[in-house]
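Here's the structure, in structure tokens; my notes come after.
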Amino acid sequence: MQFFVNDQPLSSEASLTLEQLLEQINQTDKGVALAINRQIVSRSRWPCKRIEEGDRITLIKATAGG
């Protein structure tokens with residue numbers, strides 16, 4: 001299965017949830033937001049929301065600054 005994270009192609013042999021994807025790409029920190037195909041997915045749905053073939057995932061990380 002192929003999908004995209006921030007326009008970068010990724011693939012997986014098995015179906016992944018958003019939570020599993022974040023673990024796989026080492027993005028488990030707080031301050032992360034996700035959208036699939038331009039639709040925000042609430043954090044409470046990450047453990048059950050499955051990625052589908054061709055999905056475009058946008059990962060946004062909050063940063064502190066001044």
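The values are calculated or read from the model by the stated rules, or taken from the named source; none is laboratory data. If you're wondering where the values come from, they're calculated on a predicted model, not measured in any experiment. No Cβ is skipped: glycine too gets one built from the backbone with ideal geometry, and neighbour counts run over all protein chains shown.
Screening Q27 on (1) touching an Asp or Glu at 6+ places or on another chain (Cβ under 9 Å); (2) surrounded by 12 or more Cβ atoms within 10 Å (Cβ to Cβ); (3) part of a loop (DSSP other than H, G, I, E, B) shows it passes everything except condition (1). Of these, S15, S44, which one is out of contact with any Leu (no Cβ under 8 Å at 6 or more places or on another chain) and modelled with pLDDT under 95? Checking each option against the conditions leaves just S15. Using the structure shown, decide if V32 is modelled with pLDDT of 95 or more and in contact with a helix residue (DSSP H, G or I) (Cβ under 8 Å, 6 or more places away or on another chain). Here the answer is no, as V32 does not meet what is asked. Of all residues in region 1-25, those satisfying the criterion of being under 15 Å from I60 (Cα atoms) and either among the hydrophobic types (A, V, I, L, M, F, W, C) or in contact with a helix residue (DSSP H, G or I) (Cβ under 8 Å, 6 or more places away or on another chain) (or both) are F4, V5, L18, L21, L22, I25.
Rundown of residues vs (1) out of contact with any Pro (no Cβ under 8 Å at 6 or more places or on another chain); (2) at positive phi; (3) in contact (Cβ under 8 Å) with a residue 24 or more places away in the chain, yes/no style:
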site	(1), (2), (3)
S15	yes, no, yes
E19	no, no, yes
V32	yes, no, yes
I40	yes, no, no
R45	yes, no, yes
C48	yes, no, yes
E53	yes, no, yes
I57	yes, no, yes
I60	yes, no, yes
